[in-house]
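Q: Quick one: the structure is below, and I'll ask about it shortly.
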Amino acid sequence: MAVSLQEKYELLGCIQCGRCTAGCPVSMRTYLNVRRVVYDGMTGVGPTDAKGRPEAWNCTTCSNCTERCPKGVKPMELIIGLRSAAIEKGRIEPTIRDALESTFKHGNPWGRIRDKRTEWADELSVPVAAEGEAVPFLFYVGCTPAYDPRAQSIAKALVALFAAAGVEYSTLGTDESCCGNEIRRMGEDGLFEMLVEGNRELFGGHEVGTIVTASPHCMNTFKNEYGEPTPDVVHYSQLLASLLEAGKLTFKGKVEKKVTFHDACFLGKHNGIYDEPREVLEQIPGVTFEEMDRSRERALCCEGGGGRMWLEATEERGERLAETRVKDAVELGADYLVTACPFCLMTLEDAVKTSGNEGKIEIIDLAELAAMAL
Amino acid sequence: MNEILVLAEHRGGELRDVTFEMLGKAGALAGASGGAVTALLLGAGVRDMASRLTSYADEVLVVDHGNLTDFNSAVYQPVIAEVVKSREPSLVMVGHTAFGVDLAPSLAVALGLPLASDCIDVVLDGGAVSVTRQIYGGKVDARLSFRDSATALVTVRAAAFPVEDGARSGSVTELDTPVSDEPAFRRFVQYVEAAIGDVDITKSDVIIAVGRGIKEEENLALVEELAGLLGGVVGCSRPVVDAGWLPKDRQVGSSGKTVKPKLYVAIGISGQFQHMSGMKAAETIVAINKDPKAPIFSEADYGIVGDLFKIVPALKEKIAEARA
Amino acid sequence: MNIVVCVKQVPETAEADLKIAAGGKGIVEEGLALQINESDNYALEEALLITEEHDGDITIMTLGHESSEEVLRMSMAKGAGTAVRVADPAFDGGDAIATATALAAALKDVEYDLVLTGCMASDDGATQVGVALAELLDIPHATYVTEVEVGSGEVTVGRELEGGLIEKLTIKLPCVLGIQTGINEPRYASIMGIARASKREIELKSAGDMGLDASSVGAAGSGTVLEELTFPPVGEGADILEGTPSEASGKLADILKEKGFV
Ligand SMILES: Cc1cc2nc3c(=O)[nH]c(=O)nc-3n(C[C@@H](O)[C@H](O)[C@H](O)COP(=O)(O)OP(=O)(O)OC[C@H]3O[C@@H](n4cnc5c(N)ncnc54)[C@H](O)[C@@H]3O)c2cc1C
Ligand SMILES: Cc1cc2nc3c(=O)[nH]c(=O)nc-3n(C[C@H](O)[C@H](O)[C@H](O)COP(=O)(O)OP(=O)(O)OC[C@H]3O[C@@H](n4cnc5c(N)ncnc54)[C@H](O)[C@@H]3O)c2cc1C
Ligand code: SF4
Ligand code: SF4
């Protein structure tokens with residue numbers, strides 16, 4: 001007999017205070033009710049997998065609920081567990097299925113073949129480590145910046161910044177595989193383990209010292225979920241901040257724009273990285289930086305995490321959080337809404353269109369903005 | 001080469017184009033080798049059709065029988081097998097159609113004939129037949145020959161050959177080959193027309209068609225906007241329908257709609273023949289695909305090689321500019 | 001209702017730059033991802049749906065090299081009870097009918113009410129194996145099937161004809177159906193499920209085991225002979241508009257304007 005949800009996720013501590021739901025950004029606009037999910041799990045009623053509880057797929061794994069719970073319950077992990085149970089039965093949305101199958105076959109969730117993983121670098125000279133070659137400093141590109149035409153410009157901008165700062169780095173070329181951050185959050189534990197094993201072997205084979213990632217999602221899983229020993233992992237905003245401080249990176253150009261910053265959940269809430277991106281922003285000549293009201297720990301989620309890049313929320317009501325976010329930035333009068341995450345970049349850019357704000361604001365990644373000032 | 005036997009295909013009282021395409025090719029092969037072209041027509045009350053075929057064949061063999069009204073491979077196959085056995089033609093051509101693929105493999109097994117399917121070319125090389133067929137979704141051509149056999153069987157891709165005016169004046173021969181009753185093990189019930197929804201793509205002058213390259217349902221908005229700009233409708237390849245992103249009545253191709261718009265823009269469609277057979281007749285075909293080797297480019301008038309997510313937005317801008 | 005599903009492992013080639021191997025009779029498969037043939041995945045799902053409703057066991061069968069066991073394990077993870085790999089160097093290089101001959105022999109000692117195949121393999125695209133198999137087993141068939149309804153002792157199927165027309169037929173069991181894509185929504189096989197399945201046995205059947213004479217299968221038993229592979233002339237008709245996305249789009253917009261579409 002399988003372990004009950006209550007035992008597996010230690011739900012007995014829950015006092016049904018509802019703080020989790022109150023802090024859940026998705027509950028504002030879908031019928032996901034985290035407290036209720038915990039209650040059902042605790043009392044053993046209700047569906048035991050996300051097939052019977054489709055709203056479990058609405059969760060963006062922003063981790064607000066877990067952070068806010070006064071009793072140390074982990075509602076987010078319970079939700080991921082419900083997804084895992086649906087995955088074990090094979091009954092999941094086709095888009096999630098395709099993303100998972102693609103990750104298994106090609107090492108990326110975007111349905112693209114491995115051979116094309118370095119396409120973004122075709123016209124650049126980006127060093128690729130030879131087999132077995134030691135890589136003291138690894139630029140881990142990640143699936144989205146490698147394949148997505150919009151996000152590719154993050155990877156390109158970073159390469160330009162590295163060159164300007166004289167950073168010696170290498171990439172893994174087409175050997176690079178998905179980090180698994182989203183895969184784990186979609187609930188595909190077996191595939192996640194397979195990726196962890198493969199990547200650890202790959203990093204080990206290249207004696208990787210430090211990894212810099214383009215995406216906070218990759219950083220998160222490498223840092224927090226890969227176990228020991230793993231290389232040091234930093235997000236590129238941390239690297240840029242330290243390069244600026246050391247005087248290795250200097251901006252010769254100017255970007256005369258008013259900007260504001262959107263904290264990505266996996267950079268901020270999950271990993272406490274709030275200052276470094278702001279430090280970079282403030283050193284870009286010409287930039288006027290202003291905070292939005294909901295920033296740092298209180299930042300609104302863009303709904304791009306937790307597998308939501310591959311799934312629309314069920315029974316949505318009200319406007320998307322990314323639309324709210326864009327409106328906040330427009331109200332502030334910002335020219336650029338800056339983020340430091342490929343998923344945020346994509347969801348926010350989409351929201352600019354759907355909220356009718358085209359021409360009023362642009363979404364830009366911190367790396368792109370920094371590269372503009374080189 | 002002595003005789004080339006072509007199986008005439010018809011549905012709903014009409015001879016289908018593939019029949020004339022095959023007869024044209026058979027005529028060319030016969031002309032080069034001194035053989036004869038024979039059409040084999042099975043059906044009920046098909047004498048009119050038979051006389052239409054006489055200008056394409058030296059002889060039209062007809063088996064006219066009430067049990068042959070609707071195609072049923074279980075009834076057709078023994079009759080055709082009987083005719084092939086008694087005449088021993090060098091080559092038998094069957095359309096690579098829903099009808100042909102249900103029939104030809106079992107005919108080949110029953111008679112022990114070699115079968116090459118979905119051929120886009122048939123050539124005679126010193127008396128020996130060889131064929132070209134496409135593999136890997138049209139990315140590679142394979143040439144096959146036949147191991148010694150008095151008769152070779154091929155199925156021929158629709159629209160692989162042009163329809164030309166017939167210049168023969170064949171005779172009609174009625175055969176009294178026995179025809180069995182429809183067997184209990186395979187009974188025809190009915191034909192069902194696929195329902196037409198609110199958009200009839202066959203009526204539009206401009207079709208913007210998308211394929212699997214669009215990646216996700218949300219991205220459809222991009223092509224809908226382009227269609228809006230050009231006053232057209234959105235069509236698609238089969239995988240887009242399989243994924244449930246667009247209804248079946250938007251599917252272009254052999255199992256979807258055949259369209260003849262003035263402008264057909266294929267975006268992220270590789271151009272496999274089942275798709276191309278439905279849109280080849282468009283006046284102007286534009287293809288946008290990031291694979292320079294995609295077969296669609298061989299059918300297109302204009303092509304752009306590149307990422308559709310970069311090209312379509314750029315194209316929308318340029319069209320707006322061109323209009324202004 | 002016991003069902004046999006015949007599946008083929010094929011390389012994924014839609015996006016790949018293919019190379020023809022030395023000798024000109026095959027492509028370079030290195031670096032291509034392998035997967036279950038698309039329509040076979042739908043056939044497997046159809047079998048799962050049918051057995052969920054009408055009970056029965058599923059036997060999954062492939063003719064192929066060792067790598068194709070991955071497809072069998074994936075199918076077992078989804079619910080197939082038995083897996084068979086028809087494996088013998090003698091089967092190499094066979095055409096569709098030779099392949100069907102080997103599969104028919106492998107089916108001799110299997111109890112089944114229904115055999116499902118895909119309608120077409122996405123690599124070689126013969127569109128033959130299912131129908132040939134039925135003739136070899138001397139049972140009825142239908143291919144391009146997009147609807148299956150199980151009755152008693154028979155199935156009613158919809159066959160997809162050109163132009164979106166559906167032909168409805170009733171067919172006595174046992175029979176072979178060639179399943180077309182889109183008939184259902186295939187489920188997912190979790191990696192954990194596949195890992196569990198990999199502990200299960202896969203039955204191997206060689207030509208000798210099935211009493212097949214090596215000359216009746218594989219290249220020797222094939223009526224067709226692959227002579228050579230070539231790349232088709234590409235972009236023959238198309239005037240390729242060069243330049244950056246914006247330049248190429250500009251050229252296209254001009255052409256469309258000239259032709260009166262803008
Ligand atoms: C080295 C080599 C040489 C070849 N030489 C020739 C040749 O000389 N002549 C020639 O015609 N072809 C040749 N082929 C291709 C041949 O092997 C095809 O695979 C065969 O013709 C079967 O056709 P298909 O795969 O296109 O099946 P289709 O008829 O398109 O497949 C329909 C369905 O049958 C089932 N099926 C097909 N293959 C298998 C399988 N292996 N196991 C289980 N189920 C299956 C699947 O359900 C599939 O969806 C060669 C291939 C190789 C690798
Ligand atoms: C009996 C039968 C009937 C069929 N009937 C039909 C039918 O009626 N209609 C039909 O369409 N199909 C039909 N098919 C299916 C057909 O064989 C093909 O599978 C289908 O047409 C392929 O669709 P596609 O071109 O969209 O996908 P794919 O072949 O997967 O091609 C996708 C293309 O998109 C390109 N691409 C990917 N990403 C991008 C990007 N970012 N930018 C630009 N290009 C990109 C790729 O290079 C590729 O060429 C039938 C099949 C069978 C067996
Ligand atoms: S915040 Fe914690 S204790 Fe409160 S309802 Fe949610 S899970 Fe229970
Ligand atoms: S992780 Fe975030 S989105 Fe998911 S349930 Fe918790 S608060 Fe809601």
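The values are calculated or read from the model by the stated rules, or taken from the named source; none is laboratory data. Predicted model, so just to flag it, every value in this text is computed and none were measured. Glycine gets a Cβ as well: all are built from the backbone with ideal geometry, and neighbour counts include every protein chain shown. Protein only, heavy atoms only, side chains kept; ligands, DNA and RNA dropped before computing areas. Shrake-Rupley method; radii C 1.70, N 1.55, O 1.52, S 1.80 Å.
Q: Say R0 is 56 Å: what FRET efficiency, to the nearest 0.05, do B:Lys85 and A:Gln16 get from their beta-carbon distance? Please list the in-between numbers first.
A: Details: r = 81 Å, r/R0 = 1.45.
Once the sixth-power term is evaluated, E becomes 0.10.
Q: I'd like the Karplus ³J(HN,Hα) series for the stretch A:185-199: coefficients 6.51, -1.76, 1.60, θ = phi - 60°, whole numbers in Hz, and an x wherever there's a Gly or Pro.
A: 6, 6, x, 8, 4, x, 5, 4, 4, 4, 5, 4, 4, x, 5
Q: Continuing with this model, one more query. Given the whole protein assembly as supplied and a 1.4 Å probe, what does the accessible area of C:Tyr188 come to in Å², nearest 10?
A: Accessible area, nearest 10 Å²: 10 Å².
Q: Just grab the label-to-label distance for C:Asp57 and B:Gln190, each label 7 Å out from Cα along the Cβ direction, in nm (one decimal).
A: 4.0
Q: Quote the FRET efficiency, to the nearest 0.05, computed for A:Glu358 versus C:Ala21 with a Förster distance R0 of 51 Å and r equal to the Cβ-Cβ distance.
A: That gives a FRET efficiency of 0.55.
Q: With labels modelled as points extended 7 Å from the Cα through the Cβ direction, what inter-label distance (nm, one decimal) is found for A:Arg317 paired with B:Glu224?
A: For A:Arg317 paired with B:Glu224, the spin-label model returns 2.4 nm.
Q: Does the stretch A:18-77 classify as rounded, prolate or oblate by the C-alpha gyration tensor (a ≥ b ≥ c root eigenvalues; a/c under 1.5 gives rounded; else a/b over b/c gives prolate, otherwise oblate)?
A: oblate
Q: I'd like the orientation of helix B:98-111 relative to chain B: the angle between its Cα long axis and the longest Cα principal axis, in ° from 0 to 90, rounded to 10.
A: On a 0 to 90 degree scale, this one is about 40.
Q: Could you calculate the FRET efficiency of C:Ser216 with B:Ser55 from 1/(1 + (r/R0)^6), where r is the beta carbon distance between them and R0 is 45 Å, rounded to 0.05?
A: Result of the calculation: an efficiency of 0.55.
Q: Protein chains only, probe 1.4 Å: how do B:Arg186, B:Arg87 rank by accessible area, largest first?
A: Sorted by accessible area, descending: B:Arg87, B:Arg186.
Q: Let me ask you something else. Which value, in debye to the nearest 20, gives the size of the charge dipole of chain A about its Cα centre, when Lys and Arg are +1 and Asp and Glu are -1 at the Cβ?
A: 1060
Q: Could you list the square roots of 5 times each eigenvalue of the Cα gyration tensor of the stretch B:166-224, that is, the equivalent ellipsoid semi-axes, sorted largest first and rounded to whole Å? The partial results should precede the final answer.
A: Details: eigenvalues 413, 107, 35 Å².
Taking √(5λ) for each eigenvalue gives 45, 23, 13 Å, largest first.
Q: Report the one residue of A:Phe192, A:Ile361, A:Ala340 whose Cα lies farthest in the direction of the positive end of the charge dipole of chain A (charges on C-beta: Lys and Arg +1, Asp and Glu -1; origin at the Cα centre).
A: Farthest along the dipole direction, towards plus: A:Ile361.
Q: Let me ask something else about it. Within chain C, what is the longest stretch that has no trypsin sites (Lys or Arg not before Pro) placed in a DSSP loop and near at most 16 other beta-carbon atoms within 10 Å?
A: Details: sites that count: C:Lys19, C:Lys25, C:Lys108, C:Lys199, C:Arg200, C:Lys259.
That would be C:109-198.
Q: Could you list which residues have their amide H under 5 Å from that of B:Asp121, counting only those 5 or more apart in sequence or on another chain, with H placed in the peptide plane?
A: Result for B:Asp121 returns B:Thr132.
Q: Shape verdict for the protein assembly as shown, please, from the Cα gyration tensor: rounded (a/c under 1.5), prolate (a/b greater than b/c) or oblate.
A: On the way: a/c = 2.09, a/b = 1.68, b/c = 1.24.
Judged from the Cα gyration tensor, the protein assembly as shown comes out prolate (a/c at least 1.5, a/b above b/c).
Q: Within the stretch A:62-82, which residues have the backbone N less than 18 Å from the label spot 7 Å out from A:Val3 along Cα→beta-carbon, could you tell me?
A: Inside the label zone: A:72-82.
Q: Further question: Between 0 and 90 degrees, rounded to the nearest ten: what's the tilt of helix A:152-165 against the longest Cα principal axis of chain A?
A: In chain A, helix A:152-165 runs at an angle near 50 degrees to the longest axis.
Q: Considering the dipole of the stretch C:24-127 built from charges on the beta carbon (Lys and Arg +1, Asp and Glu -1) around the Cα centre, which of C:Leu114, C:Ser68, C:Leu48 is farthest to its positive end?
A: Highest projection toward the positive end goes to C:Ser68.
Q: List the trypsin sites (Lys or Arg not before Pro) within the stretch A:201-268 that DSSP assigns to loop and that have no more than 15 neighbouring Cβ atoms inside 10 Å.
A: Hits after loop and neighbour filter: A:Lys248, A:Lys252, A:Lys254.
Q: How big is the convex hull of the Cα atoms of the stretch A:195-287, per residue, in Å³?
A: Hull volume normalised by residue count: 111 Å³.
Q: Right, something else. Checking the a/c ratio against 1.5 first, then a/b against b/c, what shape does the Cα gyration tensor give for the stretch B:198-324?
A: rounded
Q: If one takes the longest principal axis of the Cα atoms in chain A, at what angle in degrees, from 0 to 90 and to the nearest 10, does the Cα axis of helix A:216-225 lie?
A: Around 60 degrees separate the two axes.
Q: Could you work out the relative contact order of chain B, using alpha carbon pairs under 8 angstrom and six or more residues apart, expressed as a whole percent? Each step should come with its number before you reach the end.
A: Details: 667 pairs, mean separation 45.9, N = 324.
It comes to 14 percent, rounded to a whole number.
Q: If amide hydrogens are placed 1.01 Å from N in the peptide plane, which non-local residues have theirs closer than 5 Å to the one on A:Glu362?
A: So A:Glu362 has HN proximity to A:Tyr336, A:Leu337.
Q: How large is ³J(HN,Hα) for each residue in the stretch B:213-225, as worked out from phi by the Karplus curve 6.51 cos²θ - 1.76 cosθ + 1.60 (θ = phi - 60°), to whole Hz, x for Gly and Pro?
A: Those phi angles translate into x, 6, 6, 9, 4, 4, 6, 4, 3, 4, 7, 4, 5 Hz.
Q: What are the ³J(HN,Hα) values, in whole Hz, obtained from phi via the Karplus relation 6.51 cos²θ - 1.76 cosθ + 1.60 with θ = phi - 60°, for each residue of the stretch C:239-251 in sequence order, with x given for Gly and Pro?
A: Once θ is set to phi - 60°, the couplings for the stretch C:239-251 become 8, 7, 8, 8, x, 5, x, 6, 5, 4, 5, x, 4 Hz.
Q: Which one, C:Gly93, C:Leu169, C:Val225, is farthest towards the positive end of the dipole of chain C when Lys and Arg carry +1 and Asp and Glu -1 on their Cβ?
A: Checked the options; the winner is C:Leu169.
Q: I would also like to ask the following. Once both labels are modelled 7 Å past Cα along the beta-carbon direction, what's the C:Ala195-A:Ser125 spacing in nm?
A: In this crude spin-label approximation the distance works out to 4.4 nm.
Q: Sticking with this one: Using only Cα atoms, what Kirkwood radius does chain A have, in angstroms?
A: Over chain A, the inverse of the mean reciprocal pair distance is 21.2 Å.
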